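The values are calculated or read from the model by the stated rules, or taken from the named source; none is laboratory data. The structure displayed is predicted, hence computed values, not measured ones. Every residue, glycine among them, receives a Cβ derived from its backbone with ideal geometry; neighbour counts consider all protein chains shown. Ligands, DNA and RNA are stripped out before the accessible areas are found, and what is left, the full protein with its side chains, is counted by its heavy atoms. Shrake-Rupley method; radii C 1.70, N 1.55, O 1.52, S 1.80 Å.
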Amino acid sequence: MTWTRILKKYDGWVFNSFPMTPEALGVYRIIYCLYVLLITGVPNWTWISEMPNDIYTPPPLSLASFFSGFPGYYFLLSLTICLGLLYVILLFGYKTKIVSILVSISYIVGNSFLYSRGKIDHTDLLLVLIPLIMAFSNWGARFSIDSMCVSGKKQETHSWPVTFIALIMGFAYFSAGLPKLLGGWLNPSTHAVKGILYSYFYSQGHQSYMAPFFIKVQSDLFWELLDYFTVFYEVSFLFVVVLPTVFRTYIYFALIFHLMVLLMLNITFTENMVAYLLFINWPLFLNFLSRIKLNRFLSQFATVRSMVLFGIIVLFYYLEIGASPLSQLLMIIKLPPPITLLLVGLLLATLNVYFFLKNYTKSQLIKYIMP
Amino acid sequence: VKLRAHIYKNIVRILFLISIPLLLLQLYVARKYSEPYPAIIYPAFEGTSKNSEYNKYIETEIFVYFDDGEKYQLDERKFLGEIPYKFRKNLLKNYFLNRPIENGNEKPTYQEFTNFLKSRLTKMFKNKTPQSISISWYQYKQYFRENPVRLEKTLLKSGLIEFDRN
């Protein structure tokens, strides 16, 4: 293979693996912000100020390691309000690039102190990094105040940040799988998943959903297969990043994987779902939006006046109530939020695959799978 | 414009190229020393469980004693829920045995933590004055292959902190 061909292949992977139109990027920006504002909720860090400084153990390589204790209430309140407002501004796409970067920075600053209690939580990793990376895609090119300011002018957008997120996602899974591979998960005389289940079930009280059912399963083959599947799935995630269609299939299985982890171990990882959404079939989704005339609404909603109004509502809501609106709503109607969210995500992903297969001809499918 | 596009393309190409060794480096640092924040790492859930006859785990029993002679048992998860599980276990052990926390202050006084516990107890039990708090660590062995499942409980250690002395 010549150098030119290698470079062409490399460029094809970096720049064209997950093509996104300006419309798709704009819609994704709105969905991402709404996902945080309405579903996961903007984090409120104020309670950390109550923590005693005796337990302050920041990660040695973090911003918090420069401080000797937890910050005060008003600093954390300002940071919380700041992040909430930045999300509103990002939703309406005003100064999108700089605001996207500021969202991630604020999130990282707050989390640095949050994770100074002896443990780093990994569930919101992608949620934190998405704005920082997507800032370079120009995801404010459509359905935004920015796009109104330069109407008529063609705005350049980039798809490589999506590939970069895929790489990060693949590596994150790989980082979880590699220690398992080296740590003896494939040893048939041990059952790692079963060990985790027992530890979580008895020591940490994770006894909801299907955990009581799985705790009774005594089949060695079943537990060993789960160990093998987990290691294979997580380690290979990194390598399928170069195969977009296989990567998308992995994303679909990630939803099933999270659902199983939730049902068995009661560990939620729903924050990732908004990152998975990047890899749906966008032409199909945009076509659906234009059919229900939602894209026309999206073109008109981004005004300074609606941004200010929405900002006031968000500020008032988070200062008064403070929890994720969707979680509140689901709890009122007695539906467990994480499992509902995962099932809805899985249903939407299945519909996406179904309509994709239905709408494409055989030759188009082959071209899609092997571009 | 063409030159700028070319430079931009090259920067992106290099970004992807250098990110792979950088990602590997931060994984190495996290595994060898300590996990940075932020880092592109997911939880590994290391360690395996021997395919043995029993499952072993440690549970705590925490009691608070009041000046009127009454005592109440506290649920560790509810009482100190904001402190992550593993760190909480480590913290409680070191606090009651008056030892430093791993990666924390070398000579902790635990004064703030004592005040924190006391104020939390005062909020929970209004009109009562907490005098001391005790903790006992029990090891449980659960013989899950037996029918019915047999549970063995052994006291490992216990500790007591008197609030008045602090």
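Going by the structure shown, is A:Ser144 farther than 25 Å from A:Pro244 by Cα, surrounded by 23 or more Cβ atoms within 10 Å (Cβ to Cβ), at pLDDT below 95 and not aliphatic (A, V, I, L, M)?
Taking the combined requirement at face value, the residue satisfies it.
Within region A:1-54, track down each residue that is closer than 19 Å to A:Trp139 by Cβ and open to solvent by 50 Å² or more (accessible area, probe 1.4 Å).
Those that are closer than 19 Å to A:Trp139 by Cβ and open to solvent by 50 Å² or more (accessible area, probe 1.4 Å): A:Asn16, A:Pro19, A:Thr21, A:Glu23, A:Leu34, A:Leu38.
Which of the following residues is more than 8 Å from chain B (Cβ to nearest Cβ), in contact with a Pro (Cβ under 7 Å, 6 or more places away or on another chain) and aliphatic (A, V, I, L, M): A:Val128, A:Val103?
The conditions single out A:Val103.
Those residues that are farther than 29 Å from A:Ile251 by Cα, assigned to a helix (DSSP H, G or I) and either of a type in the set (Lys, Arg) or touching a residue at least 60 places away in the same chain (Cβ under 8 Å) (or both), I need them from region A:300-356; list them, please.
Across region A:300-356, the qualifying residues are A:Phe301, A:Val304, A:Arg305, A:Ser306, A:Met307, A:Phe310, A:Gly311, A:Val314, A:Leu315, A:Tyr318, A:Leu319.
Quickly run through region B:95-120 and pick out the residues that are within 20 Å of B:Ser136 (Cβ to Cβ), within 11 Å of chain A (Cβ to nearest Cβ) and at pLDDT below 80.
The answer is B:Tyr110, and nothing else.
With respect to B:Glu35, determine if the residue is at the interface with chain A (Cβ under 8 Å from one of its Cβ atoms) and at pLDDT below 90. Spell out how you get there, then give the answer.
Details: at the interface with chain A (Cβ under 8 Å from one of its Cβ atoms): yes; at pLDDT below 90: no.
Criteria not met by B:Glu35.
Show me the helices (runs of 4 or more DSSP H) entirely contained within region A:185-248 in which 1 or more residues are within 30 Å of A:Ile280 (Cβ to Cβ), within 12 Å of chain B (Cβ to nearest Cβ) and not acidic (Asp, Glu).
Values: elements: A:192-198, A:211-214, A:220-236.
In region A:185-248, the matching helices (runs of 4 or more DSSP H) lie at A:192-198, A:220-236.
Return the total of residues in region A:90-103 being surrounded by fewer than 22 Cβ atoms within 10 Å (Cβ to Cβ) and either aromatic (Phe, Trp, Tyr) or on the phi < 0 side of the Ramachandran plot (or both). Please lay out each step first, then the result.
Let us first name the residues in region A:90-103 that are surrounded by fewer than 22 Cβ atoms within 10 Å (Cβ to Cβ), namely A:94-95, A:97-98, A:101-102.
Checking the rest, the ones that are also either aromatic (Phe, Trp, Tyr) or on the phi < 0 side of the Ramachandran plot (or both) come to A:94, A:97-98, A:101-102.
So the answer is 5.
For B:Leu25, which of the numbered conditions (1) of a type in the set (A, V, I, L, M, F, W, C); (2) touching a residue at least 60 places away in the same chain (Cβ under 8 Å); (3) exposed (fewer than 14 other Cβ atoms within 10 Å of the Cβ) fails to hold?
If we test B:Leu25 against (1) of a type in the set (A, V, I, L, M, F, W, C); (2) touching a residue at least 60 places away in the same chain (Cβ under 8 Å); (3) exposed (fewer than 14 other Cβ atoms within 10 Å of the Cβ), just (2) comes out false.
Could you go through region B:38-53 and let me know if any residue there is modelled with pLDDT of 85 or more and surrounded by fewer than 18 Cβ atoms within 10 Å (Cβ to Cβ).
yes
Before we move on, is A:Gly205 buried (at least 17 other Cβ atoms within 10 Å of the Cβ) and free of Cβ contacts under 8 Å to residues at least 12 places away in the same chain?
Criteria not met by A:Gly205.
List the residue pairs whose Cβ atoms are under 9 Å apart, where the first residue sits in region B:4-20 and is under 22 Å from A:Val242 (Cβ atoms), the second is polar (S, T, N, Q), and the two are 6 or more positions apart or on different chains.
Hits for this filter: B:Phe16/A:Thr163.
Of all residues in region A:35-69, which are facing chain B (nearest Cβ under 10 Å) and assigned to a loop (DSSP other than H, G, I, E, B)?
Result: A:Met51, A:Pro52, A:Tyr56, A:Pro58, A:Pro59, A:Pro60, A:Leu61, A:Ser62, A:Ser68, A:Gly69.
On the basis of being of a type in the set (Ser, Thr, Tyr) and under 22 Å from A:Arg29 (Cβ atoms), does A:Tyr107 make the cut?
yes
What's the total number of residues in region A:1-34 that are within 13 Å of chain B (Cβ to nearest Cβ) and of a type in the set (Lys, Arg)?
2
Output the qualifying pairs, or none if there are none: Cβ atoms under 8 angstrom, residues six or more apart or on different chains, first residue in region B:83-94 and facing chain A (nearest Cβ under 7 Å), second residue in a helix (DSSP H, G or I).
Sorted first by the residue in region B:83-94, then by its partner, the pairs are B:Ile83/A:Ile55; B:Ile83/B:Leu91; B:Tyr85/A:Ser203; B:Phe87/A:Ile55; B:Leu91/A:Ile55; B:Leu91/B:Phe113.
Counting only residues that are closer than 16 Å to A:Pro179 by Cβ and within 24 Å of the chain's Cα centre (by Cα), how many does region A:212-237 have?
Looking only at that region, the number is 8.
Would a scan of region A:255-264 turn up a residue that is in contact (Cβ under 8 Å) with a residue 12 or more places away in the chain, more than 20 Å from the chain's Cα centre (by Cα) and either open to solvent by 30 Å² or more (accessible area, probe 1.4 Å) or under 26 Å from A:Met169 (Cα atoms) (or both)?
yes
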